[in-house]
Every structure is written in C-alpha cells, then in structure tokens.
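A quick write-up on the structure given underneath.
Every read-out reported here was derived from the displayed coordinates using simple, explicitly stated rules and does not represent laboratory data. Since the structure is predicted, the reported quantities are computational estimates derived from the model, not experimental observations. Note that each Cβ is placed from the backbone with ideal geometry, even for glycine, and that neighbours are counted across all protein chains shown.
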Amino acid sequence: MAPFFLQGVTLCGSKMTKKPHRLTTIIILLLVVATAGATVLADAADLSLQTDTETPTVAPSTPTVHSTAHIAVLIGDAVIPVGDKAVSEVFVSIRDFEPGVLAVKLDISFDPEIIQVADADRDPSNGTQISPATFFVSSQKVDLNQVDNAMGKISLALSEQGGDPVQRTESWRKVAAITWLAEEEGKSVVSIDRTTQFITSEEQLLEPDETNDGVVFSRAPGAIAGIVELQGKGNHENVLVSASLASARVDRTQADATGRFRIATSHGEGFYTLVATAPGYLSAESDRPIKVTVGTVTEVSKAILLGGDVNNDNCVDIRDLSYIAWRFESYEAEADINRDGQVDILDLSLTAGNFGQCGPTSWEVFNGRD
Ligand SMILES: [Ca+2]
Ligand SMILES: [Ca+2]
Ligand SMILES: [Ca+2]
C-alpha cells in the first residue's frame, strides 16, 4: 500500500508551494494518508504546519466535478469447472469527469475457499499478481499489484506518469484481468471494496459512484451419458466411447456390460463429438455437436454398433464375410462376432446384413429414443 499512498503525499507536497489555497483539501488528504504509517504521519504534520504558517487565511477549494460526472467499476462473471481456470476482467467507466483521473487503486475481495488467483507473472518469488491492462494509455505505472490468496484480497494501483488525466472512457475500459483457479464447488462473489479509490489531477480522493461486483461459479465438470449396444450381443462391455472438443485432448471411457457409459468432459463448456468403437464392430460418431454445460449431465440417445468387421478396417465387406465362412462351425474368437462361443449362422447373417457398410455410422444423439 505504501507506494500508492506515498505517491499521493508527493503530489500534495509538490503542488502545495504553487497552490497554497487548497490547504483544507490537503490537510484532509494527509489525515487519510496518516493511517499508512508513522513516518508518513510525521511528514504530513511537518508539511501542514509549514503551509499553515505561510497561508493562514486561505479558503477551502471546492471540487470542480461536473454534475453529470460518473465513475463506475465493473467485474465480469465467470463459470469454471473445478480444477480448471477462467478469467474475469475488471473495467472502469469514466464519464464527463473534469479535472480527470490520474490514479486508481482497486481493492477486491473473493472467497478463497472456492477460488484462488493464478499468478499472472508465474514468478512465485514476488507473491501472486493479476494482469494489469493499459488503463492510462500515455504513460502508466503499476504502483501496486498484490494478491493475498489466504485472505481473498487483491490490491492493484495504477497511475498516470505523463500528466495526461483520463476525463472520460469510451464505455468500459479494461483495468485488469484476473485468472481464477476453481478449488471447490460453490459460488464466490468478487466484490469491489469500499477502499477502492480514484485520485484526480486536483488531488481529490474519490470513491466510485457505481460498483458492479462479479460472481464466479465453480462447478463440477459437465458429462455426457448414454448407452451403446453391440448388435447381436447380450454383453456390451469393451465399447470404447470418446468425447472430443474441437482439437482438444480426447476424454475416454468404457461402457459397462449393459452398454451404459458416462464421460466426464474435462474441457469445460462447449460442443463435443462422441465416437464409440469396439473390436469386430463399425464405429459410430455423433450426428451433431453435443452441448455440454459444466455441472450438468447431457443424456444422449442409444447407439447400436453394427457387427461383422472381423479385420477391424471399419468396413464390412467380402474379406470379413469370407473369413467367417472359412471358420464356420469353429470356435475362433475373431470370427465369433456375437461372442457366444461358436461361429455359426448368427455371425454370418449379422455380417451379411451389414455388408457394404463402413464406419463411422451416424449416431443420432438426440432422436428421442433410448
Ligand atoms: Ca508472482
Ligand atoms: Ca472389415
Ligand atoms: Ca457366434
């Protein structure tokens, strides 16, 4: 905190000799500053005494803030699967504000049981930081950037060094981005503390006149569930079902004996593609993207994989049929499509019935049946 407040003192001190008529404002400022520490208090007393003797009759200045002036702070919301990360952004809107803002200090609170801040600079030696945006476009200095993940506190102070105050922003201007890590399922309000302040070019300390807190929801990952059966079989084990999101890593699971599966989708919200495969069977792929929302299970319609692909080239053709025909009435496992212990007419007719088909077959994921 010290650099920010000390800077405030410097501003006051440097202006004092030039504009002694702002004595009262300065004394009030210095009283606020005094809480920063005994050293600062001593300096402040010196300065006020000095000024007092020089200009004993000066009147207090009145703020020259326009009547429609408006400073607002907004924190965006986020939804994060537990164990994952998401970003919420912090914005400030300044309207018709004269003389303009030269510094901003944001104090933000969150629930550390639910979420933690990921270190923006990835350097553990200096503690945890958030990502400041370029709010003061001409010459910005970051005076303070510190996160206390144990207490759930964030402090960020930015100041304009080139003397170019911000009098208005075009709608919302980004001040910072916070990357959250979801620790536990739950909800954390991300609140703008009352100590959040703006310093004007006339050394006034102002609170925003509108604050919009953010909310971060930390939820269990989403899932896709359904049934995949193997044509002609009573046991549907060993069907491999996978769900993929765009080019991301693939989530996989195996169906149980009844064909039931449930895949936890590890990539958060989005549209997933499902693929089911099993040895001896043609693969099936979802006929449309499956929307997954974190915290919910999306149930899809049943798929039936078509059998007869003995050589697993994902097509049922003359090679599969002749392979089975040559082993007719044998016990060879690969030709025993329905795995009932014998290669017989059931295997041959099942294969013949799928003759000419290739996978992946279309899995109607939302056809209303199960
Ligand atoms: Ca760090
Ligand atoms: Ca084949
Ligand atoms: Ca059989």
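State which residue is nearest to ligand 1 (Cβ to nearest atom) when the search covers only segment 275-320 and only residues that are hydrophobic (A, V, I, L, M, F, W, C) and free of Cβ contacts under 8 Å to residues at least 60 places away in the same chain. Quick ask: steps written out before the conclusion?
First, pick out the residues of segment 275-320 that are hydrophobic (A, V, I, L, M, F, W, C): 275-276, 278, 282, 284, 290, 292, 294, 297, 300, 303-306, 310, 315-316, 318.
In the following step, the residues that additionally are free of Cβ contacts under 8 Å to residues at least 60 places away in the same chain were identified as 278, 310, 315-316, 318.
Values: Ala278: 49, Val310: 58, Cys315: 55, Val316: 59, Ile318: 65 Å.
Among those that are hydrophobic (A, V, I, L, M, F, W, C) and free of Cβ contacts under 8 Å to residues at least 60 places away in the same chain, it is Ala278.
Name the residues in segment 122-173 that are in contact (Cβ under 8 Å) with a residue 60 or more places away in the chain and polar (S, T, N, Q), would you?
Correct list: Ser155, Ser159, Gln167, Thr169, Ser171.
For segment 176-191, enumerate the residues that are of a type in the set (Val, Ile, Thr) and surrounded by 22 or more Cβ atoms within 10 Å (Cβ to Cβ).
Across segment 176-191, the qualifying residues are Ile178, Val190.
Taking the criterion of being under 17 Å from His236 (Cβ atoms) and of a type in the set (Lys, Arg), would at least one residue in segment 300-308 satisfy it?
Looking only at segment 300-308, we keep the residues that are under 17 Å from His236 (Cβ atoms), and these are 300-308.
Still in the list and also of a type in the set (Lys, Arg): 302.
The answer is yes; a qualifying residue exists.
Whether any residue in segment 210-218 is under 13 Å from the mean Cα position of the chain (by Cα), surrounded by fewer than 16 Cβ atoms within 10 Å (Cβ to Cβ) and of a type in the set (Gly, Ala, Ser) is what I want to check. Outline the logic, then answer.
Taking segment 210-218 first, the residues under 13 Å from the mean Cα position of the chain (by Cα) are 214-218.
So of that shortlist, the ones also surrounded by fewer than 16 Cβ atoms within 10 Å (Cβ to Cβ) come out as 215.
Then keep just the ones that are of a type in the set (Gly, Ala, Ser); that gives none.
Looking for residues that are under 13 Å from the mean Cα position of the chain (by Cα), surrounded by fewer than 16 Cβ atoms within 10 Å (Cβ to Cβ) and of a type in the set (Gly, Ala, Ser), one finds none in segment 210-218, hence no.
As an exercise: evaluate Asp119 against (1) touching a residue at least 40 places away in the same chain (Cβ under 8 Å); (2) touching a Gly at 6+ places or on another chain (Cβ under 9 Å) and give the number of the one condition it does not meet.
Looking at each condition in turn, Asp119 falls short on (1).
Can you work out which of the residues in segment 125-140 that are over 13 Å from Thr179 (Cβ atoms) and within 6 Å of ligand 1 (Cβ to nearest atom) is surrounded by the most Cβ atoms within 10 Å (Cβ to Cβ)?
The qualifying residue surrounded by the most Cβ atoms within 10 Å (Cβ to Cβ) is Gly127.
Given the conditions (1) more than 30 Å from Lys291 (Cα to Cα); (2) buried (at least 19 other Cβ atoms within 10 Å of the Cβ); (3) hydroxyl-bearing (Ser, Thr, Tyr), which single one is not true for Thr195?
(2)
What are the residues in segment 293-352 that are in a strand (DSSP E or B) and within 16 Å of ligand 2 (Cβ to nearest atom), if any?
Taking segment 293-352 and keeping what is in a strand (DSSP E or B), we get 297-299, 303-305, 307-309, 315.
Passing the criteria: Leu305, Gly307, Gly308, Asp309, Cys315.
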